[in-house]
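*Asks:* The structure follows.
Throughout, read-outs are computed from the coordinates displayed, never taken from laboratory work. Values in this document were obtained by computation on a predicted structure and should not be read as measured data. All Cβ positions, glycine included, derive from the backbone under ideal geometry; neighbour counts span all protein chains shown.
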Amino acid sequence: MRVQKGIDLSRFILEEERRYPLASGTLSRILISIENATKIISSHIRKAGLVDVLGKVGRINVQGEEVQKLDELANNWLVEHLASTGDFFAVASEEMEKAFFPANGSDGKYVISLDPLDGSSNVDVNISVGTIFSIHKRISDDDASFLQEGRKQVAAGYVIYGSSTMLVYSTGNGVNGFTLDPAVGSFILSHPNIKLPERGKIYAFNESNYKRWSNGIRRYVDTVKEKGYTLRYVASMIADVHRTLLKGGIFAYPADNVNKNGKIRILYEANPLGFLIEQAGGIASNGNSSILDVKPESLHQRTPIFMGSKADMEELLAILKEG
Ligand code: AHG
Ligand code: MN
Ligand code: MN
């Protein structure tokens, strides 16, 4: 397919589908539903502060984290909007303890994993947040469909509600980014065929955890500082990974002696963003193997994560190997 700058997302999705003459159109309809739901979320986030969507709900979620009002709203909008289509079998979300199997989806061929609002603790202070999605083929009638390797994702992507709203996604044929034109209400292809720079000059680690890290992680961070790398850390993974995709360098959330498996969730964050990083020519790893080759054991499982430019990641993995 000839990538045409300026094409709108819905048409792009349909043109991609034409590469597969046997496609039923279901995946395209799911992607278009995600596009529509995230436009609504974007419009609400743009008004945060004017309407009553900021602050906490007063409840702790299954992750043990404070639920923000926008976490709940984004989750409900996405799940309700998607469920009304009847196009998928089940949805799992960072904000829901169990997967949801909509009554009208019993014939659905796909399952969807969602981080409805990533970086939500930043929303009250007007910093970029995002929605992350991951789609697998249904292989069973239970949670096993969600617990497939990340490499088996048929599509993954995110929407970043930043200084502009962008949707970035891949169906395994490279990564394309679309910017929402709020006047027209359409996502327009603005970043065709995104490729990570081979090497960057940025490291994104929460360095306040330095004392809790293994020697290898500390040594890597010491090394890049000596080389003159700069630290950028938003604490919205979506923003840190979006910057990494465009500018290169490394985003990491390692394990530490308090968070033995790190903090990032494999289904909702590490797999979809790792898929995009690898599709754009980078490397995404848990420190031992590609994150996309790890078979998750439970919906809300966490994993140490390192992702970014190929040359930077190879150096990091070599240092970690030394121990
Ligand atoms: P979420 O808002 O979906 O719970 O995710 C927050 C995550 C991730 O986006 C970010 O990279 C990380 O938490 C930041 O954690 P620290 O504040 O510990 O650095
Ligand atoms: Mn998140
Ligand atoms: Mn979240």
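*Asks:* Select from Gly64, Leu82, Ser140 the residue farthest towards the positive end of the dipole of segment 51-166; place +1 on Cβ of Lys and Arg, -1 on Cβ of Asp and Glu, and compute about the Cα centre.
*Replies:* The residue sitting farthest along the positive end of the dipole is Ser140.
*Asks:* Stretched out fully, how many nm does the piece from Lys47 to Lys195 gain, at 0.36 nm a residue minus the Cα gap?
*Replies:* 50.0 nm
*Asks:* Hey, another quick one. Sort Tyr233, Tyr161 so the one with the fewest other Cβ atoms within 10 Å of its own Cβ comes first.
*Replies:* Numbers: Tyr233 16, Tyr161 30.
If I rank by nearby Cβ atoms, fewest first, I get Tyr233, Tyr161.
*Asks:* Two-decimal Rg/Rh of segment 227-269 from alpha-carbon positions, Kirkwood Rh?
*Replies:* Details: Rg = 11.8 Å, Rh = 11.7 Å.
Expressed as Rg/Rh, it is 1.00.
*Asks:* In 20 Å bins starting at 0, how do the alpha-carbon pair distances of the chain split up by percent?
*Replies:* 33, 60, 7
*Asks:* What spacing in nm lies between the two simple spin-label points modelled at Glu66 and Thr223, each 7 Å away from Cα in the Cβ direction?
*Replies:* Inter-label distance under the simple model: 3.8 nm.
*Asks:* In the structure shown, do any of Lys56/Lys195; Lys98/Lys211; Lys5/Lys39 have a Cα-Cα gap over 32 Å, and if so which?
*Replies:* Result: Lys56/Lys195; Lys98/Lys211 exceed 32 Å.
*Asks:* What's the Kirkwood radius of segment 45-164 in Å, using all Cα pairs?
*Replies:* One over the average 1/r among Cα pairs gives 15.1 Å for segment 45-164.
*Asks:* Is there a quick way to get the dipole size of the chain? I mean about its Cα centre, with the Cβ of Lys and Arg at +1 and of Asp and Glu at -1; what is the value in debye to the nearest 20? Walk me through the numbers before you get to the answer.
*Replies:* Details: 37 positive and 38 negative charges, 167 e Å.
Dipole of the chain, to the nearest 20 debye: 800 debye.
*Asks:* Using the Karplus curve 6.51 cos²θ - 1.76 cosθ + 1.60 with θ = phi - 60°, work out ³J(HN,Hα) for each residue of segment 234-248 in order, rounded to whole Hz, and write x for Gly and Pro.
*Replies:* Karplus-based 3J(HN,Hα) across segment 234-248 equals 7, 6, 10, 3, 4, 6, 5, 6, 4, 4, 4, 4, 8, 10, x Hz.
*Asks:* Could you list the square roots of 5 times each eigenvalue of the Cα gyration tensor of segment 202-322, that is, the equivalent ellipsoid semi-axes, sorted largest first and rounded to whole Å?
*Replies:* Working from the Cα gyration tensor, I get semi-axes of 20, 17, 13 Å.
*Asks:* Hey, another quick one. Given H placed 1.01 Å from N in the peptide plane, which residues other than close sequence neighbours of Lys263 have an amide H under 5 Å from its amide H?
*Replies:* Thr303
*Asks:* Now, a different point. Might you report the magnitude of the Cβ-based charge dipole of segment 202-322 about its Cα centre, with Lys and Arg at +1 and Asp and Glu at -1, to the nearest 20 debye? Walk me through the numbers before you get to the answer.
*Replies:* Details: 16 positive and 13 negative charges, 61 e Å.
Its charge dipole is roughly 300 debye.
*Asks:* Quick one: His44, His136, fewest Cβ neighbours within 10 Å first, how do they rank?
*Replies:* Arranged by neighbour count, lowest to highest, His44, His136 become His44, His136.
*Asks:* Sticking with this one: Please give the charge dipole size of segment 9-191, origin at the Cα centre, charges +1 on K and R Cβ atoms and -1 on D and E Cβ atoms. Round to the nearest 20 debye.
*Replies:* Around 520 debye, computed over segment 9-191.
*Asks:* How many nm separate the modelled label positions at Asp8 and Glu322, each set 7 Å beyond the Cα in the direction of the Cβ?
*Replies:* So the two model labels end up 5.4 nm from each other.
*Asks:* Then there's this: Residue by residue through segment 255-272, which ³J(HN,Hα) values in whole Hz follow from phi under the Karplus form 6.51 cos²θ - 1.76 cosθ + 1.60 (θ = phi - 60°), with glycine and proline marked x?
*Replies:* Ordered by residue, 3J(HN,Hα) equals 5, 9, 6, 9, 9, 4, 10, x, 10, 7, 8, 5, 6, 8, 10, 5, 5, x Hz.
*Asks:* Next up: Using θ = phi - 60° and the Karplus relation 6.51 cos²θ - 1.76 cosθ + 1.60, list the HN-Hα couplings for segment 173-184 in order, rounded to whole Hz, with x at every Gly or Pro.
*Replies:* 10, x, 10, 10, x, 10, 9, 6, 8, x, 5, 8
*Asks:* With r as the distance between the Cβ atoms of Arg19 and Ser208 and R0 = 45 Å, compute the FRET efficiency 1/(1 + (r/R0)^6) and round to 0.05. Numbers along the way, then the final one.
*Replies:* Numbers: r = 46 Å, r/R0 = 1.02.
The formula returns an efficiency of 0.45 here.
*Asks:* Something else about it: Order of Thr38, Thr165, Thr26 from fewest to most other C-beta atoms within 10 Å? The partial results should precede the final answer.
*Replies:* Working: Thr38 28, Thr165 23, Thr26 17.
Neighbour counts put them in this order, fewest first: Thr26, Thr165, Thr38.
*Asks:* For Val258 paired with Glu297, estimate the spin-label separation in nm (one decimal), with each label point 7 Å from Cα along the Cα-to-Cβ line.
*Replies:* Taking the two extended label points, one gets 2.5 nm.
*Asks:* Would you calculate, for the chain, the mean residue ellipticity at 222 nm contributed by helices, counting each DSSP H stretch of 4 or more residues as -39,500 (n - 2.57) and dividing by all residues, to the nearest 500?
*Replies:* Per the formula, -9000 deg cm²/dmol.
*Asks:* Something else: Which one, Ala183, Ile202, Pro21, is farthest towards the positive end of the dipole of the chain when Lys and Arg carry +1 and Asp and Glu -1 on their Cβ?
*Replies:* Ile202
*Asks:* Using 0.36 nm times the number of residues separating Asp124 and Lys152, minus their current alpha carbon distance, what extension gain do you get?
*Replies:* Contour length minus the Cα-Cα distance gives 6.5 nm.
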